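The values are calculated or read from the model by the stated rules, or taken from the named source; none is laboratory data. For clarity, every value in this text was computed on a predicted model and none was experimentally measured. Here the Cβ is made from the backbone with ideal geometry for all residues, glycine too, and neighbour counts use every protein chain on show. The accessibility values were calculated without ligands, DNA or RNA, using every heavy atom of the protein model including side chains. Shrake-Rupley method; radii C 1.70, N 1.55, O 1.52, S 1.80 Å.
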Amino acid sequence: MSEWRTVAHFSADPLPADWRDRLAHRLGRRPRRVGLWTELAMYGARCCLDAAGEHALPAGARLRVSSMRGAWGATHAGLAQLDAGALMPFTFMQGQPALMLAEVCRCLEWQGDASFALCRDPQQLLRLSRLGVGSAGLLLGVVEEERNGEKPRSEWWRLVPA
C-alpha cells in the first residue's frame with residue numbers, strides 16, 4: 001500500500017505544564033513505576049488516539065515507537081546506581097523499551113504487534129513501519145526526553161491506508 005491517510009497527528013510542543021495530571025485524569029490512575037520517557041510515550045499516544053476519536057487502538061493495527069536515545073535519563077541513573085554498589089537498580093527497568101511498549105499498550109487498551117526502534121532517519125522509519133500493515137493501520141510515535149537544552153518530544157501519527 002503506497003497511499004496513506006493521516007487520521008490524527010499529535011505533538012506535545014510545547015509540553016503543557018500539567019501534562020502528567022492530564023495523563024492521570026485520562027487513564028483514571030497515575031502511572032506507577034515507569035520513567036519519564038514511558039510517561040511521555042503514554043501521554044502522546046493516548047492524546048493521538050483521542051484526537052483520532054478512537055477509544056482504543058483497533059485490533060490488527062500496529063504500534064511503532066522510535067527515539068534517537070531511548071530512556072536516556074533512566075539509563076544514566078541506573079548506571080550511577082550500579083557505580084554506587086546497587087545490585088539491580090530500580091531504574092534499570094525504567095530504561096527498557098519493552099516496559100514502555102507494555103505501558104503504552106495498556107493505556108491504549110490494546111494488544112498486538114508493537115515494536116521500538118532507535119532511529120536517526122524518520123523517513124526510513126516511516127517506510128519500514130508501513131511495510132505489511134493491514135487495513136487497521138498504524139500508530140507511530142517519536143519520543144525523546146529533555147537533554148542538552150532540547151525540549152522533550154512526544155509526537156504521534158495515526159495512519160491508515162487510503
### Message
For segment 117-162, give me each residue that is exposed (fewer than 12 other Cβ atoms within 10 Å of the Cβ) and touching a residue at least 60 places away in the same chain (Cβ under 8 Å).
### Response
Ser135, Ala162
### Message
If I go through segment 1-10 residue by residue, how many of them are in contact with an Asp or Glu (Cβ under 9 Å, 6 or more places away or on another chain) and open to solvent by less than 50 Å² (accessible area, probe 1.4 Å)?
### Response
2
### Task
Determine which single condition Trp4 fails, assuming it passes every other condition in (1) at pLDDT 95 or above; (2) farther than 24 Å from Arg69 by Cα.
(1)
### Query
Mind checking whether some residue in segment 70-82 is at pLDDT 85 or above and under 14 Å from the mean Cα position of the chain (by Cα)?
no
### Message
Can you pull out every residue in segment 31-57 that is open to solvent by 10 Å² or more (accessible area, probe 1.4 Å), over 18 Å from Glu146 (Cα atoms) and either modelled with pLDDT under 95 or part of a helix (DSSP H, G or I) (or both)?
### Response
Pro31, Arg32, Arg33, Cys47, Asp50, Ala51, His55, Ala56
